[in-house]
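The structure appears below as structure tokens.
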Amino acid sequence: MEHVSSYHWSERILLLLRQGRAPQAEQELRRILQTDPTDALAHAWLGMCLLDQAKLEEGQAEAETAIHLAPEYDFAYYLLSLSHLRQHRQPAALVAIEHALALDPTDPNYYHTLGIIRFQRHQWQAALKAAETGLSYDPEHVDCLGLRARSLTRLGRRDEAADALGRALHHDPDDAGTHADAGWVALETGQAKPALEHFRQALRLSPTSDYAREGLVEALKTQYWVYRSFMRFAYWSSSLSDSARRGLFLGLFIFSRFFPLLLPLYLILVFMSWFADPLFNTLLRFNAYGHHALSATQVRQSTQFSALLGTGLLLLAAGFLTKVEPLNTLGLVAMGLLFPLVGTWRLAVPAQRQRSFWFGVSLAVLGLVAVGVRALHLGPPYENIFFGGYIIGTVLYVWFYALR
């Protein structure tokens with residue numbers, strides 16, 4: 001759009017955004033829109049300002065307004081894709097970025113966003129292709145270089161990944177995103193110490209980067225060998241399709257039935273698959289660095305997880321010592337509710353999270369009814385129906401929500 005590129009204010013807005021002053025840029029853009037509310041470029045840049053401030057729905061609305069005013073404006077589709085992606089709506093993000101690329105197939109930023117969508121879907125080869133296409137238009141594009149390195153790492157091509165990161169750091173040694181990418185690559189290849197240094201450097205350069213902070217938390221948790229071993233398994237299993245992962249866990253369960261000595265190993269694997277994050281986040285709260293690295297949400301979730309886990313274990317211990325059967329039942333119900341509690345946290349899409357929440361509430365009600373039936377000594381038929389229903393419901397929850 002030739003007519004939108006000539007506005008003298010656009011350079012100042014871009015400067016403010018690069019300086020991390022999105023609120024000031026937002027104020028200026030709103031003043032501009034008061035003068036001309038049909039300015040598509042101003043609406044698009046306002047959307048960028050809002051996205052930078054994590055006002056995702058407002059940013060999306062501004063991007064959609066820009067598209068309505070100027071359907072040929074590729075940058076607005078790019079912003080719309082970012083807003084969908086940050087709200088975990090990958091299909092909508094993919095449609096929007098494909099529109100942007102149809103209008104301008106030479107912008108490496110668009111290919112980087114396309115590659116991120118592919119990467120999040122575990123489509124490593126497609127993510128690599130997107131990154132390399134972006135680099136064909138700008139060989140020094142640090143975001144595409146970082147994405148290329150992460151994709152190569154997941155494809156097992158570690159030497160090429162290291163070379164890509166070396167190029168990215170050479171072109172821009174003070175880019176926080178590149179240091180964070182280097183941290184993730186080091187983490188995924190089992191190099192915890194270099195990963196920590198890269199994440200710390202990324203946070204020094206960009207203290208508000210969630211991408212780097214999450215990586216720092218993961219790197220700190222690898223100091224526990226149990227988590228480190230499980231993480232290697234998790235990276236490997238993430239390369240499998242959903243059906244293949246379900247088949248893997250089902251196959252391991254059947255195998256453990258024929259070889260009972262392997263059952264504890266299978267149970268540990270299931271436990272870690274669900275509860276590794278909140279469990280080790282809880283341990284990090286006693287770590288000098290980890291305590292500050294955890295977000296408020298992670299701290300709150302670790303508190304809830306620890307409280308429910310501790311309650312379940314105490315009830316089971318009390319039931320075992322006192323031989324009061326309803327205490328054992330209540331303890332089992334509390335332990336089972338850990339699955340929907342953590343499972344709901346793991347779901348990013350609001351509609352899925354809400355369904356998971358109500359599934360968990362239904363399980364809690366059914367479990368409490370089973371405890372009441374057992375406490376009232378109503379007999380095996382009723383006890384088996386309600387407690388058996390609770391067990392089946394928990395298994396169904398695990399099956400449908402576990403391996404997303």
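The values are calculated or read from the model by the stated rules, or taken from the named source; none is laboratory data. Please read these numbers as outputs of a predicted model, since none were measured by experiment. Positions of Cβ are backbone-derived with ideal geometry, glycine not excepted, and every protein chain shown enters the neighbour counts. Surface accessibility is based on the protein's heavy atoms, side chains included, excluding ligands, DNA and RNA. Shrake-Rupley method; radii C 1.70, N 1.55, O 1.52, S 1.80 Å.
Which angle between 0 and 90 degrees, to the nearest 10, do you get for helix 40-52 versus the longest principal axis of the chain when only C-alpha atoms count?
Result, in degrees: 40.
What is the list of residues in the stretch 363-396 whose amide nitrogen lies under 16 Å from a point 7 angstrom out from the Cα of Glu325, following Cα to Cβ?
369-389
Using 7 Å Cα-to-Cβ label points, what is the Leu376/Leu56 separation (nm, one decimal)?
Simple spin-label model gives 4.4 nm for this pair.
Just tell me which lysines come within less than 20 Å, Cα to Cα, of Lys193; anything on the same chain fewer than 8 places away is out.
Within reach: Lys221.
Note the angle between two axes, namely the Cα long axis of helix 9-18 and the longest principal axis of the Cα atoms of the chain, as a number of degrees from 0 to 90, rounded to the nearest 10.
With both axes taken from Cα atoms, the answer is about 40 degrees.
Using DSSP to define loop residues, name the chymotrypsin sites (Phe, Trp or Tyr not before Pro) in the stretch 1-88 whose beta-carbon has at most 16 other beta-carbon atoms within 10 Å.
Of the chymotrypsin sites (Phe, Trp or Tyr not before Pro), the ones in loops of the stretch 1-88 whose Cβ has at most 16 other Cβ atoms within 10 Å are Tyr7.
At a 1.4 Å probe, what is the % contribution of carbon and sulfur to the accessible area of the chain?
Whole-percent figure for carbon plus sulfur exposure: 62.
Using each residue's phi in the stretch 82-95, evaluate 6.51 cos²θ - 1.76 cosθ + 1.60 at θ = phi - 60° and report the 3J(HN,Hα) Karplus result to the nearest Hz, with x for Gly and Pro.
Karplus-based 3J(HN,Hα) across the stretch 82-95 equals 4, 5, 5, 4, 6, 9, 6, 10, 5, x, 5, 4, 5, 4 Hz.
Can you compute the modelled spin-label distance between Arg157 and Thr297, with each label point 7 Å from Cα toward Cβ, in nm?
Spacing of the two 7 Å Cα→Cβ label points: 3.3 nm.
Mind checking the angle between helix 380-401 and the chain's longest principal axis? C-alpha axes, 0 to 90 degrees, to the nearest 10.
20 degrees
Quick check: residue separation of Trp236 and Gln352 times 0.36 nm, minus the Cα distance between them. What number comes out in nm?
39.2 nm is the gain from fully extending Trp236 to Gln352.
With the other protein chains left in place, how much accessible area per residue, in square angstrom, belongs to the stretch 39-173 at a 1.4 angstrom probe?
42 Å²
For Thr35 and Leu248, compute 0.36 nm times the residue count separating them, minus their Cα-Cα distance, and round to one decimal in nm. Intermediate values should be presented prior to the final figure.
On the way: separation 213, 0.36 × 213 = 76.68 nm, distance 6.08 nm.
Net length gain for the segment: 70.6 nm.
From the square roots a ≥ b ≥ c of the eigenvalues of the alpha-carbon gyration tensor of the stretch 291-404, which class results: rounded (a/c under 1.5), prolate (a/b over b/c), or oblate?
oblate
How far apart, in nm, are the 7 Å Cα→Cβ label points at Ser362 and Leu262?
Roughly 3.4 nm, to one decimal.
If each residue of separation counts as 0.36 nm, what is the full-extension length gain between Val395 and Val270 once their alpha-carbon separation is subtracted?
Answer, rounded to one decimal: 43.8 nm.
What's the longest uninterrupted piece of the chain once you rule out the GluC sites (Glu not before Pro) that are loop residues per DSSP with at most 15 other Cβ within 10 Å?
The reported range is 141-404.
On a straight-distance basis, which lysines could pair with Lys55 in a cross-link, Cα separation under 28 angstrom, same-chain partners fewer than 8 positions away excluded?
In chain and number order, there are no partners.
If we count every other residue with Cβ under 10 angstrom of Leu50's Cβ, Lys/Arg +1 and Asp/Glu -1, where does the sum land?
-4
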